[in-house]
Amino acid sequence: MFYDKLDEVMRHFAEAGGFLTVENDGLVNTMTISWGFIGHMWSKPHFICVVRPQRHTFGIIEKAQSFTVSIPFGDMREELKICGTQSGRDIDKAGVVSFVPAKAVESPVVAGCARYFECVVRYGDDFKGELLPEAIKGTHYDGDFHHFYIGEIVEVY
């Protein structure tokens with residue numbers, strides 16, 4: 001089930017990060033994320049992730065039908081650092097991590113991780129910056145608000 005060891009999974013996610021991976025039309029990219037939510041919505045488990053529009057991943061996930069989240073428990077600090085600081089426009093992330101096919105969706109997962117969430121995109125929308133509290137805007141944004149994606153979790157392992 002999606003909630004097995006969820007406390008441990010979310011601790012690793014928040015402390016070290018995970019890989020958000022998308023594929024569309026043969027183009028694959030992964031980026032490091034540490035913001036997101038797992039919960040129950042529309043009678044099914046979902047993963048909510050956020051991506052800024054200027055990210056390379058944004059252009060892919062906007063057209064994709066799926067995404068995966070791969071959460072390492074072991075030492076993948078260097079891979080997370082590179083995938084979080086270097087754009088897929090400039091480097092091929094397949095040279096940094098190994099992609100392996102997912103079980104249920106088109107987007108692959110990152111090999112060597114301890115937990116995988118395969119998600120079908122169900123909804124996406126922009127954060128409404130004007131509705132965010134000033135304290136959040138001042139700390140986390142400079143007018144470059146995230147777009148969020150709600151993905152139905154269809155496979156967890």
Find the all-direction average of the projected area of the Cα convex hull for segment 61-157, expressing the result in square nanometres with one decimal place. 7.6 nm²
Which three semi-axes in whole Å describe the equivalent ellipsoid of segment 14-58, each the square root of 5 times a Cα gyration tensor eigenvalue, listed largest first? 21, 15, 10
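Within 14 Å, Cβ to Cβ, of LEU27, how many net charges do the neighbouring residues add up to if Lys/Arg are +1 and Asp/Glu are -1?
On the way: positive: ARG55, LYS63, ARG89, LYS93; negative: GLU23, ASP25, GLU62, ASP92, GLU106.
So the surrounding residues net to -1.
Go through segment 1-89 and name the chymotrypsin sites (Phe, Trp or Tyr not before Pro) that are in a DSSP coil and have 10 or fewer other Cβ atoms within 10 Å of their Cβ.
Values: sites: PHE2, TYR3, PHE13, PHE19, TRP35, PHE37, TRP42, PHE47, PHE58, PHE67, PHE73; in loops: PHE2, TYR3, TRP35, TRP42, PHE73.
In loop regions of segment 1-89 (DSSP not H, G, I, E or B), the sparsely surrounded chymotrypsin sites (Phe, Trp or Tyr not before Pro) are TRP42.
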So, for the chain, what is the accessible surface per residue at a probe of 1.4 Å, expressed in square angstrom? 53 Å²
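With N set to the number of residues, divide the alpha-carbon radius of gyration of segment 58-110 by 2.2 N^0.38 Å and report two decimals. Please report the intermediate quantities before stating the final value.
Working: Rg = 11.8 Å, N = 53, 2.2 N^0.38 = 9.9 Å.
Computed over Cα atoms of segment 58-110, the ratio equals 1.18.
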With a sphere of radius 13 Å drawn around the Cβ of SER87, what net charge do the other residues whose Cβ falls strictly inside it have (Lys, Arg +1; Asp, Glu -1)? +2
Using unit Cβ charges (K, R positive; D, E negative) and no other charged atoms, how large, in debye to the nearest 20, is the dipole of segment 20-157 about its Cα centre? 200 debye
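Given a 1.4 Å probe and every protein chain left where it sits, what share in percent of the accessible area of the chain is carbon and sulfur?
On the way: 4200 of 8300 Å².
In the chain, the share of accessible area belonging to carbon and sulfur is 51 percent.
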Please give the Cα centre distance for segment 1-21 versus segment 24-99, rounded to the nearest Å. 14 Å
Where is the GNM fluctuation largest for the chain (alpha-carbon springs, 10 angstrom cutoff): MET76, MET41, MET31? MET41
Would you kindly compute the Cα radius of gyration of segment 16-115 and its largest Cα-Cα separation (Dmax), both in Å? 12.8, 40
What share of all Cα pairs of segment 113-157, in percent, falls into each consecutive 10 Å distance bin? 24, 33, 26, 17
If you take the charge dipole of segment 61-157 about its Cα centre, with +1 on Lys and Arg Cβ and -1 on Asp and Glu Cβ, which of VAL154, PRO133, VAL120 is farthest toward its positive end? VAL154
So which trypsin sites (Lys or Arg not before Pro) in segment 110-157 pass both tests, a DSSP loop state and at most 11 other Cβ atoms within 10 Å of the Cβ? LYS128
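The values are calculated or read from the model by the stated rules, or taken from the named source; none is laboratory data. Everything numeric in this text was worked out from a predicted model, so none of it was measured. Note that each Cβ is placed from the backbone with ideal geometry, even for glycine, and that neighbours are counted across all protein chains shown. Accessible surface is based on the protein model in full, side chains and every heavy atom, while ligands, DNA and RNA are left aside. Shrake-Rupley method; radii C 1.70, N 1.55, O 1.52, S 1.80 Å.
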